[in-house]
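One structure is given below, encoded as structure tokens.
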Amino acid sequence: MSTPSPKGRLTRDEVAHLAHLSRLAVSDEELELFAGQLAAVLDAVAQVGKADVADVAPTTHAVPMTNVMRPDVARPSLPRDVVLAGAPAAEDDRFRVPRILGEEA
Amino acid sequence: MSDTLVDFDEVLTRYEPVIGLETHVELGTASKMFCGCSTTFGAEPNTQTCPVCLGLPGSLPVVNAEAIESTIRIGLALGCRIASWSRFARKNYFYPDIPKGFQTSQYDEPLCTAGHLDVELDGETYRVEIERVHIEEDTGKNLHVGGSTGRIHGADHSLVDYNRAGIPLVEIVTRPIPGAGAKAPEVARAYVTELREILLALGVSEVRMEQGNLRSDVNTSLAPIGSLDWGTRTETKNVNSLRSVERSVRFEMRRQAAVLDAGERVVQETRHFHEDTGSTSSGRSKEEATDYRYFPEPDLVPIAPDEEWIEKLRAALPELPAARRARLREEWGLSDTEMAWIVNAGALGLVSDTVAAGATPADARKWWLGELARRANDSGVELTELAVTPEQVAELAGLVAAGTVNDQLARQALDGVLAGEGDPAAVVESRGLAVMGDSDELVAAVEAAIEGNPDVAEKVRSGKVQAIGALVGAVMKTTRGKADAATVKRMLEERLVSG
């Protein structure tokens with residue numbers, strides 16, 4: 001991830017790029033608005049940097065646990081009609097999605 | 001589409017290739033990586049999904065222990081360092097084959113790092129350094145509808161089957177491999193071949209390339225000979241046969257040389273390989289790595305394998321292919337070349353099993369590389385797909401060795417075995433294929449041949465011993481090949497020569 005921009009420097013272009021990655025349609029006015037709001041959020045989060053953590057070990061997870069695993073045993077899946085009931089559209093027992101413009105799977 | 005290509009040998013007069021491979025292996029676990037859905041291949045679409053692998057809100061993943069062990073075992077077999085602390089990360093991207101909007105993968109904390117794999121090629125050893133081995137999940141399968149070719153261009157819409165989404169997928173990444181020169185395409189192929197053998201020996205995957213269990217992204221770049229810097233690489237995606245791995249490198253070397261010769265720059269991009277033409281074409285440039293916005297997966301805790309666990313897995317590793325080949329070559333008394341033929345024919349396991357079933361190494365090798373290879377080739381199938389087991393081949397070789405059948409009758413017995421008529425001995429019995437001993441029937445056939453060919457018989461009597469072949473042939477014909485030619489010859493000689 002790119003390093004956060006300096007205080008207040010989140011550009012419209014960066015917001016547009018993020019919106020594209022998130023597949024969000026954002027209007028020009030909103031770009032302006034969000035750039036300001038997101039900058040404020042980043043500034044707020046950046047205050048974490050003020051904490052003196054010289055003597056603190058990095059926390060990797062909120063819960064201090066490791067190796068939580070399950071045995072490799074297959075269990076029943078959902079019935080297909082239930083699965084496809086959640087799809088915006090279905091065809092041939094598959095999820096139907098709009099034409100894909102990205103690269104081939 | 002019609003790329004200019006430079007002749008392969010000419011490429012090497014000016015450029016030095018560097019290759020690299022990222023290989024994805026679907027593990028053969030019973031259940032998916034983060035949920036209990038079955039992984040059975042070929043099930044009806046969307047019958048092996050659940051809230052976790054569909055990415056439904058509120059669902060929580062739990063790691064498959066077997067998949068972690070398999071990944072560590074692969075790492076150990078490749079001489080990797082196993083991390084004592086490893087985490088999952090979310091690789092965010094939008095594509096309908098990933099219902100969650102991200103792939104659960106590993107980023108900066110993979111399970112295994114810094115290994116190597118030695119690849120033998122034409123008597124030389126190439127050391128391929130392994131950068132990392134990590135675990136992630138496979139994606140769903142898209143079916144593009146409406147396009148004439150089934151490729152994306154022109155597709156109206158896509159249909160997605162999520163049965164494959166969430167199947168454990170191990171990614172094995174090499175470091176760049178320089179210095180292979182003209183052998184670069186073959187080294188790439190030999191590497192994937194050897195990796196496949198290791199995975200088979202470990203039993204962690206079915207590694208059926210045609211089913212997509214094993215697929216490689218093949219990186220190729222060229223640099224002018226003597227240059228200190230490497231060239232810009234391209235990445236040919238999802239190459240799923242050994243032959244295609246080799247061809248894709250060869251094609252990219254020829255194409256990139258033409259680009260560089262023209263004074264242009266190679267574009268860093270993903271490319272698709274086309275089986276029919278052996279060529280590659282430009283894929284769409286994918287979002288840059290930084291755009292995947294990797295971050296640690298908050299729903300999964302770290303994997304921290306302790307020494308005891310790792311050593312237990314190490315101790316349980318099977319004999320690896322290179323060691324096994326060396327041992328068998330020694331045991332069977334074969335030369336390197338003879339061994340290479342067996343290996344290249346994909347017959348090592350079959351020959352080994354046939355020897356284990358009682359055949360001599362020479363017989364086992366002769367059957368599998370001779371008659372059986374011919375049958376497989378004629379039917380367009382792999383040796384392993386022939387309807388004959390190593391035990392049956394050993395039995396057949398035993399019948400020949402005991403003199404029950406000769407080579408020709410053995411081939412007829414094989415016909416019966418392949419036709420599902422039973423084991424060789426049963427086929428010999430039911431088809432009446434056993435060679436005739438010194439029986440009355442054979443005596444009659446021998447005497448009939450002499451009487452029926454008085455001219456020939458006379459020639460033999462008068463000293464032209466080589467004429468006896470025609471009489472042997474006559475006996476073989478009347479007995480429909482069931483007589484033993486050496487016995488027939490001896491019987492004829494007794495009657496015509498020794499007197």
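We did not get these values from a lab; they are worked out from the coordinates using the rules stated. Not measured: the values here are computed from a predicted model. Ideal geometry is used to build each Cβ from the backbone, glycine not excepted, and the neighbour counts take in all protein chains shown.
Numbers for the structure displayed
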| read-out | value |
| --- | --- |
| Ranking of B:317, B:78 by count of other Cβ atoms within 10 Å, fewest first | B:317, B:78 |
| Virtual spin-label span in nm between residue B:8 and residue B:311, 7 Å along Cα→Cβ | 4.9 nm |
| Test item: A:78-86 mean partner chain Cβ contacts at 10 Å | 4 |
| Value at 222 nm in deg cm²/dmol, rounded to 500, when DSSP H runs of n ≥ 4 in chain B each add -39,500 (n - 2.57) | -11500 deg cm²/dmol |
| Ranked list, fewest to most other Cβ atoms within 10 Å of each Cβ, for B:118, B:97 | B:118, B:97 |
| Peptide B:28-34, shielding by other chains (average Cβ, 10 Å cutoff) | 3 |
| Helix B:485-496 axis, angle to chain B major axis (alpha carbon atoms, nearest 10°) | 10 degrees |
| Under 20 Å from the residue B:330 label point (7 Å along Cα→beta-carbon), backbone N, the range B:358-393 | B:361-362 |
| Paramagnetic reach from residue B:230 (point 7 Å along Cα→Cβ, amide N under 14 Å) across the range B:113-128 | B:128 |
| Centre separation in Å (Cα based) which lies between the range B:376-399 and the range B:78-131 | 38 Å |
| Rounded tilt (10° steps) of B:407-418 against the dominant C-alpha axis of chain B | 50 degrees |
| Highest-first arrangement of B:239-249, A:12-22, B:466-476, where packing means the average Cβ count within 10 Å | B:239-249, B:466-476, A:12-22 |
| Degrees separating the helix B:440-452 axis from the principal Cα axis of chain B, which is the longest one | 70 degrees |
| Exercise: per-residue mean of other protein chain Cβ atoms within 10 Å, B:88-97 | 3 |
| Peptides ranked, highest mean first, by Cβ atoms within 10 Å: ranges A:35-44, B:388-397 | B:388-397, A:35-44 |
